[in-house]
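Comments concern the structure below.
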2 protein chains.
Amino acid sequence: MSRNLLLISTSTTHGTGYLEHAEEEIKALLQGKSSILFIPYARPSGISHKDYTDKARVPFEKWGISVTGVHEYDNPEKAVREAEAVFIGGGNTFVLLRNLYQNKLVQALQERVNKGMPYMGTSAGTNVAGKTIGTTNDMPIVHVKTFDALQLVPFNINPHFQDPEPNSKHMGETRDTRIAEFHHHNRQPVVGLREGSMLRIQGDRIRLHGPHTARIFLQSEKPMEFKPSDDFSFLTEAY
Amino acid sequence: MSRNLLLISTSTTHGTGYLEHAEEEIKALLQGKSSILFIPYARPSGISHKDYTDKARVPFEKWGISVTGVHEYDNPEKAVREAEAVFIGGGNTFVLLRNLYQNKLVQALQERVNKGMPYMGTSAGTNVAGKTIGTTNDMPIVHVKTFDALQLVPFNINPHFQDPEPNSKHMGETRDTRIAEFHHHNRQPVVGLREGSMLRIQGDRIRLHGPHTARIFLQSEKPMEFKPSDDFSFLTEAY
């Protein structure tokens, strides 16, 4: 498997510009490429595909990489099949996954990524790279026929992972509780990626980048904290 | 319409026991009744139907009302059709709604409630009383064939409604942003019910109880704060 992925928790960390905190990793992912296809389907705050693509274009152009939006093509599937690299941005995960199915991009993305085309995602775009969207934080604002996602990796991701606020009086479930409930109905591992964290996947090798540890949840086990220097290879096995 | 509903944001507020903060309103809802049917399908933290029903039983028995769990009946639909009153507890909204459909309880609940059977919900049980589950905070840990809910009221509810933390560095969407995204795809009003708040609905009259205002979101309008003394009747009209 010649996978080449960068799965980023959030596009923008507190106090830094759009994609800025991941510049080094993005440049490493896209080494030797001069263009990237942007998929704006997740439409954060409901912005248009054009406006979202214009926003995504800014940092890449600074880095010498041209950006086109998949909505600019008459045949989005063909655009994916011919892209040098693909970037799926954040927003609403349900809206995103529904549009990926409606535009018949799921299989095309799987085939291209499995043959080595660089893929990067932020937030919802990282979520859909997993096995299902079952660990999204988003509201189910549109229905999707299945929660099965792109399955570029055999585990689930929870982006924007948050630790409980120590002094909170809020009674809603913590992220840990929600993921424990997920494991009553699903068995794949879940990686809680804190803001500023990202996973770099090359073939079967997984590396954690960014300043934080990642919280990993296996069915029927206590959550574990993994450091960037730890071995994550168990995530690509079994399941 | 002889509706008689109590839709509670959370079963337990910070510092009070299970259902304690809503005792007065629950007693008013169940006046003259001696039993209630509990639907434990939402299984918070994955607990069993039996354990959840045992938990729910405690406060009601203190108030002189007997509790049976719907899972104790061979024919759950018949149990709903013969119940004096129904209570759906919180947990995971997707698991709950899927079980309501699988056990063929949706139509039975709608018919009984529209004929005046008292209904109370907390959290997920309040969410499913709305038009759809599109404004739940829960993770989509199981797939449901439709997000259409019980539609006991013609609007959506967001339980555990939270205002943004003023000093937060978290970049995930605020509740306001999530509901604004919902309104790019759906037109029904959304009531943000803070913890400690509840809606009492009798026929077409809606009253807000509890110590807080409720935040109401209409499509294409700015969110509005409504006090307990305000008129909410617009929520039962149109749409």
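In table form, for the structure just shown:
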quantity	calculated
Candidate set: segment B:44-95, residues that are buried (at least 18 other Cβ atoms within 10 Å of the Cβ) and of a type in the set (S, T, N, Q); chosen: the one farthest from B:THR122 (Cα to Cα)	B:THR53
Some residue of segment B:213-230 being of a type in the set (Val, Ile, Thr), surrounded by 16 or more Cβ atoms within 10 Å (Cβ to Cβ), closer than 19 Å to B:SER9 by Cα and within 14 Å of chain A (Cβ to nearest Cβ)	no
Test set (1) more than 13 Å from every other protein chain (Cβ to nearest Cβ); (2) closer than 29 Å to A:PRO154 by Cα; (3) surrounded by 18 or more Cβ atoms within 10 Å (Cβ to Cβ) - A:HIS21 fails condition number	(1)
Residues (surrounded by fewer than 17 Cβ atoms within 10 Å (Cβ to Cβ) and touching a Ser or Thr at 6+ places or on another chain (Cβ under 6 Å)) located in segment B:150-170	B:PRO164
Test: residue in segment B:35-48 that is free of Cβ contacts under 8 Å to residues at least 24 places away in the same chain, under 21 Å from B:MET198 (Cα atoms), in contact with a strand residue (DSSP E or B) (Cβ under 8 Å, 6 or more places away or on another chain) and more than 13 Å from every other protein chain (Cβ to nearest Cβ)	no
Scope segment A:189-210; condition touching a Ser or Thr at 6+ places or on another chain (Cβ under 9 Å) and not in a strand (DSSP E or B); matching residues	A:GLU195, A:GLY196, A:SER197, A:GLY203, A:ASP204, A:GLY210
Selection from segment B:16-61 of residues that are in a loop (DSSP other than H, G, I, E, B) and among the aliphatic types (A, V, I, L, M)	B:LEU19, B:LEU30, B:ALA42, B:ILE47
Residue in segment A:131-146 that is within 19 Å of the chain's Cα centre (by Cα) and among the small types (Gly, Ala, Ser) present	yes
Residue in segment A:176-187 that is buried (at least 18 other Cβ atoms within 10 Å of the Cβ) and either within 16 Å of the chain's Cα centre (by Cα) or polar (S, T, N, Q) (or both) present	yes
Some residue of segment B:215-223 being basic (Lys, Arg), in contact with a His (Cβ under 8 Å, 6 or more places away or on another chain) and at negative phi	no
Options A:ALA22, A:ALA108; residue that is among the small types (Gly, Ala, Ser) and more than 27 Å from B:MET171 (Cβ to Cβ)	A:ALA108
Total residues in segment A:49-85, condition of a type in the set (Phe, Trp, Tyr), touching a residue at least 24 places away in the same chain (Cβ under 8 Å) and farther than 25 Å from A:GLU25 by Cβ	0
Hits in segment B:189-210 (condition: in contact with a strand residue (DSSP E or B) (Cβ under 6 Å, 6 or more places away or on another chain), within 14 Å of chain A (Cβ to nearest Cβ) and surrounded by fewer than 23 Cβ atoms within 10 Å (Cβ to Cβ))	B:ARG194, B:GLY210
Filter pass, A:ARG215 being charged (D, E, K, R) and part of a strand (DSSP E or B)	yes
Residue list for segment A:209-223, filter: farther than 13 Å from A:LEU193 by Cα and among the basic types (Lys, Arg)	A:LYS222
Filter result for the condition that a residue is at positive phi, in contact with a strand residue (DSSP E or B) (Cβ under 8 Å, 6 or more places away or on another chain) and at pLDDT 95 or above, over A:LEU6, A:LEU29, A:LEU19	A:LEU19
Residue within segment B:111-126 that is of a type in the set (S, T, N, Q) and free of Cβ contacts under 8 Å to residues at least 60 places away in the same chain present	no
Strands (runs of 3 or more DSSP E) enclosed by segment B:81-183 - at least 1 residues per element that are touching a Gly at 6+ places or on another chain (Cβ under 8 Å), within 8 Å of chain A (Cβ to nearest Cβ) and within 30 Å of A:LYS131 (Cβ to Cβ)	B:156-161
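The values are calculated or read from the model by the stated rules, or taken from the named source; none is laboratory data. Just so we're clear, the structure is a prediction, and the values are computed from it rather than from any experiment. Backbone-built Cβ (ideal geometry, glycine too); neighbour counts: all protein chains shown.
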